[in-house]
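Structure record follows, encoded as structure tokens.
Every number in this text was worked out from the coordinates using simple rules, so none of it is lab data. Please read all numbers here as calculations on a predicted model, not as lab measurements. Ideal geometry is used to build each Cβ from the backbone, glycine not excepted, and the neighbour counts take in all protein chains shown.
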Amino acid sequence: MTPTGAHATTGTPATRRLGLVVCVLLVLLVLSGLWWSAEDVVQGSTVRIMYVHVPSIWVAYMAFALTAVCSGAYLSRGTRSVAWDRVAGASAEIGVLFVAVSLVTGSLWGRLTWGTYWVWDARLTSTAFLFITYVGYLAVRRLGGTLRQRARRSAVLALLAVLEIPLVHFSVELWRSLHQEASVANPNAKVEMDGLMLFTLMLGLATFTALFVWLVLHRQRVILLEDTVADRGLDEAIASRRDEAGAR
Amino acid sequence: MTRGSVVRAVARKDLAVEMGSRVVINQVAPFALVVMVMFAFALDNEGILSRVAPGLVWLATLFSMLVVVQRSFAVESADGALDALRVAGVDPVAIFLGKSVALMVQLFALEVLLVCTAFVLYGVEPSPAGWAEAFVTMVAATVGLGFVGTLYGGLAAGARGRETLLPLLLLPVVAPVLIGATRATEAAFGSGGASVSEGWPWIGLLAVFAVLFGAAGSAAFGPLVDE
């Protein structure tokens with residue numbers, strides 16, 4: 001179904017129900033994260049940043065994986081439909097948003113815990129690269145040209161990113177392992193978690209995942225509407241030129 | 001025609017265009033030299049300069065590469081030359097490899113110039129084994145940069161605003177080359193007390209990069225330019 005008409009919206013009964021669920025979950029997460037769960041023994045209240053930080057990066061990884069899968073589907077012969085490209089694009093946009101959220105929350109947490117906004121840790125550095133890579137991907141989507149050109153270009157780029165990111169991560173890890181004796185703090189350390197804290201974290205993951213699905217559904221429909229408008233603009237321009245030619 | 005002869009023909013064509021226009025010789029090479037001098041102004045300390053010379057050489061190489069890649073595809077898209085090649089039924093893999101080889105030749109010449117500049121201006125003094133290692137590093141890094149530059153150049157070719165987009169796309173991808181080549185060159189130059197043997201694992205990284213992007217470029221270039 002192509003939503004045309006002046007009153008085309010991006011919502012359906014299903015997305016409205018999902019939206020409602022997301023709202024309820026968000027309220028629960030705020031309550032659980034800010035009031036119900038206890039302070040951490042070592043980190044105090046700063047641990048609450050984790051309830052946003054961890055789900056954000058989780059959503060970002062999920063988003064980029066979805067982008068890669070949809071791009072692969074677009075390029076394979078059997079399933080060449082621009083719908084894949086729209087989902088890939090929508091997912092990448094939301095992924096970029098959530099990487100940014102996780103970078104910002106992470107550096108705030110770092111400031112409070114490590115005393116600095118940024119350390120040249122392998123994981124942080126490769127996350128920054130992840131962010132820049134997909135900002136580039138989004139820029140390529142806006143290069144112009146036909147829908148098929150956009151789809152092909154960005155699909156190839158998304159698959160190249162799958163190759164690039166492990167390589168960057170690997171080399172950054174090598175770079176760090178040889179040049180930095182000890183980290184300021186070890187973010188990989190096993191932490192014993194209080195039951196309610198663990199619950200809040202899991203709730204965060206569930207909430208953000210639902211939010212992600214809701215956002216992708218809407219965003220890919222917005223892209224569809226944008227494409228339709230651009231298409232119609234072209235048709236109208238052609239028609240008006242024809243009329244002009246006919247009038248002469 | 002076999003693929004090999006097409007590759008050679010495409011590479012020869014690109015190099016002939018360069019020899020005719022002399023853009024790399026008259027504009028890019030002087031630009032690279034100015035960058036090296038500007039680094040010296042910015043850092044303003046001979047001890048620091050010889051310590052960070054390897055990184056500066058490779059940064060200057062990457063900046064120059066951006067210009068050379070733009071040039072390589074501006075030549076193609078100006079008169080629809082790339083489309084003409086495709087319409088003529090030329091194998092896209094051969095176009096990719098040919099353009100990569102031409103890019104590698106130009107980059108290698110630039111790197112030789114930059115290393116010599118570092119030798120003169122920054123006071124680096126490698127041992128004979130260090131020179132050999134620097135040479136191998138340059139070869140390995142150049143092959144990787146040639147492939148990746150051609151691939152992303154082709155991606156942005158023919159689109160409006162590609163001049164500003166290419167650095168954003170290309171620089172994050174070549175980060176492993178910058179890391180690997182800088183560390184290997186540090187070992188070769190003995191910067192900061194590094195020994196020559198420390199460089200070889202980094203050259204391995206450069207080789208992996210070159211092989212991966214050679215393969216990815218051969219697979220992806222056809223779908224990219226086939227529009």
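Which of these, B:Gly192, B:Gly55, B:Gly180, has the largest mean-square fluctuation under a Gaussian network model of chain B (Cα springs below 10 Å)? In this elastic network of chain B, the residue with the biggest mean-square fluctuation among B:Gly192, B:Gly55, B:Gly180 is B:Gly192. Which whole-number percent is the relative contact order of chain A (Cα, under 8 Å, 6+ apart)? The normalised contact order for chain A reaches 30 percent.
Sequence-ordered 3J(HN,Hα) estimates for the stretch A:210-224 from the Karplus curve with 6.51, -1.76 and 1.60 and θ = phi - 60° stand at 4, 4, 4, 4, 4, 5, 5, 4, 5, 5, 5, 6, 4, 4, 4 Hz, glycine and proline given as x. Across the protein assembly as shown, Cα-Cα distances exceeding 44 Å account for 24% of all pairs. Using only alpha-carbon positions in the stretch B:21-162, the gyration tensor eigenvalues give semi-axes of 33, 17, 11 Å once each is multiplied by 5 and square-rooted (largest first). A Cβ-based charge dipole, computed about the Cα centre of the protein assembly as shown with Lys and Arg at +1 and Asp and Glu at -1, lands at about 1320 debye. In this simple spin-label approximation, A:Ala206 and A:Val104 carry label points 7 Å from Cα along the Cα→Cβ vector, and these lie 2.7 nm apart. Backbone N atoms of the stretch B:183-226 closer than 18 Å to the 7 Å Cα→Cβ label point of B:Ala132 belong to residues B:184-190, B:195-204.
Note on A:138-144: average number of Cβ atoms from other chains within 10 Å of each residue's Cβ is 4. Once the Cβ-Cβ distance of B:Ala42 and B:Val93 is raised to the sixth power relative to R0 = 56 Å, the FRET efficiency obtained is 0.85. Mean sequence separation of contacting Cα pairs (under 8 Å, at least six apart), scaled by the length of the stretch B:3-225, corresponds to a relative contact order of 27 percent. Once every DSSP H run of n ≥ 4 in chain A is given -39500 (n - 2.57) and the sum is divided by its residues, what mean residue ellipticity at 222 nm do you get, rounded to the nearest 500 deg cm²/dmol? It lands at -26500 deg cm²/dmol. According to the Cα-based calculation, Rg over Rh for the stretch A:2-77 is 1.16, with Rh computed by the Kirkwood formula. Each label was represented as a point 7 Å from its Cα along the Cα-to-Cβ direction; for A:Val69 and A:Phe199 these points are 3.1 nm apart.
When the Gaussian network model of chain A links Cα atoms closer than 10 Å, the mean-square fluctuations of A:Ile57, A:Ile132, A:Ile238 top out at A:Ile238. Rounded to the nearest 500, the 222 nm mean residue ellipticity of chain B from helices alone is -28500 deg cm²/dmol, with -39,500 (n - 2.57) taken per DSSP H run of at least 4 residues. A crude spin-label estimate for the pair B:Cys116 and A:Asp227, with each label 7 Å from Cα along the Cβ direction, gives 5.3 nm.
Each part gets one Cα centre, and for the stretch B:112-183 versus the stretch B:31-79 those centres are 9 Å apart. On full extension, the segment bounded by A:Arg80 and A:Trp114 gains 7.4 nm, given 0.36 nm per residue less the C-alpha separation.
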